[in-house]
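**Q** Just passing along the structure, written as structure tokens.
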Amino acid sequence: MATGCGSACVEADRMACILLRLRLSGMASIESVALAEELDLTVVAQMLAEAVDQDLVVERLGDRAGWVLTAEGRRVGEKLLQHQLDCAVSGTAATGRSPRVEVLKAYERFVPLNGSVLDLCTRWQVVGRDPLVLNDHSDPDYDQAIIHDLAGIHERVKPVCRMLSQAHPRFARYERRLESALSNVIEGRVDWLTKPTVDSYHTIWFELHDDFLATLGLDRAREHARLRAEVGSPQGREN
């Protein structure tokens, strides 16, 4: 996964993934972090203990127990992700482009799809807005039209996922997870498009978007404002 830094790079990679998982999850247990990042429980526990000493994470106790990223942890996590790309052994070597450039190019292809996915998820949840009518999924034709649109978007995001996988192996999971969520939706499991408590298509999509922002060091609010301005511009409207 990395070269040039030896064991230090391996440790940095692990910490980067653990901090990213907490960022994407909001709060997570040691078990869920280990499962998501395919790491040994003991390794995750040890690294979280080290992260506490560095003020990168805090452990919350009580009914909603788990580990949470601090502001410093968010900042350090972004630095580690950027370091991870700089040290990556990538399949992009033949193109002459760095892994960072590949991630940026993938992000540029992802952005136009983002609004379509958000709109599609709204349509899945709401049939009408005036008055508000929730989708009870009793109309198969309505649902099938949305699933058809989702499948079309999925075909367009697959090349994006493959570009990311070439930039760094840790991105490979996104295509597999999105494919699994889509299969569940197609098979009639309605929760798997938008429900936040399962690995739904929207949940994975949101994580992928936040992963882009973290890896490229972009601020979500500023990026949202930039994209809205581009959409509102004459050139943006033409596109």
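Every number in this text was worked out from the coordinates using simple rules, so none of it is lab data. The model shown is predicted, which means the values in this text are computed figures rather than measured ones. Cβ atoms come from the backbone with ideal geometry, glycine included; neighbour counts cover every protein chain shown.
**Q** Could you work out how far helix 7-25 tilts from the main Cα principal axis of the chain, as a 0 to 90 degree angle to the nearest 10?
**A** Approximately 30 degrees, to the nearest ten.
**Q** Sticking with this structure for a sec: Tell me, what HN-Hα J-couplings in whole Hz come from the Karplus equation 6.51 cos²θ - 1.76 cosθ + 1.60 at θ = phi - 60° for each residue of segment 42-50, using x for Gly and Pro?
**A** 5, 5, 5, 4, 5, 6, 5, 4, 5
**Q** Need the full-extension length gain, L134 to D55, defined as separation in residues times 0.36 nm minus the C-alpha distance. One decimal, nm.
**A** 24.1 nm
**Q** Let me ask something else. Please list, in order along segment 121-132, the HN-Hα scalar couplings obtained from phi with the Karplus expression 6.51 cos²θ - 1.76 cosθ + 1.60 (θ = phi - 60°), rounded to whole Hz, x for Gly and Pro.
**A** 5, 5, 4, 5, 8, 10, 7, x, 10, 9, x, 5
**Q** Okay, moving on. Between A71 and A45, how many nm apart are label points set 7 Å from Cα along the C-beta direction?
**A** Output for this residue pair reads 3.2 nm.
**Q** Which whole-Hz couplings ³J(HN,Hα) result when phi for each residue of segment 146-152 is put into the Karplus expression 6.51 cos²θ - 1.76 cosθ + 1.60, θ = phi - 60°, listed in order with x for Gly and Pro?
**A** 5, 4, 4, 5, 4, 4, x
**Q** Here's another thing I want to ask about it. Across 5 Å bins from the origin, how do the percents of Cα pairs in segment 97-238 run, short distances first?
**A** Histogramming segment 97-238 at 5 Å steps yields 2, 9, 18, 20, 18, 16, 10, 5, 1, 0, 0 percent.
**Q** Rounded to a whole number of µm²/s, how large is the Stokes-Einstein D of the chain at 37 °C and 0.692 mPa s, given Rh as the Kirkwood radius over C-alpha pairs?
**A** My calculation gives 169 µm²/s for D.
**Q** I would also like to ask the following. Compare the peptides 115-127, 201-213 by average per-residue count of other Cβ atoms within 10 angstrom and give them in order, highest first.
**A** 201-213, 115-127
**Q** Can you tally the net charge around V57? Count Lys and Arg as +1, Asp and Glu as -1, for every other residue whose Cβ sits under 13 Å from the Cβ of V57.
**A** Net charge around V57: 0.
**Q** Related question: Pull up the cross-link candidates among the lysines for K105, meaning alpha carbon to alpha carbon under 29 Å and not fewer than 8 places away within one chain.
**A** Of all the lysines, those that pass the test against K105 - Cα under 29 Å, at least 8 places apart if same chain - are K79, K158.
**Q** For V57, what residues show an amide H to amide H distance below 5 Å, using hydrogens built from the backbone and excluding near sequence neighbours?
**A** So V57 has HN proximity to V52, T70.
**Q** Helix-derived [θ] at 222 nm for the chain: sum -39500 (n - 2.57) over DSSP H runs of at least 4, divide by residue count, nearest 500?
**A** Estimated from H runs of four or more residues: -22500 deg cm²/dmol.
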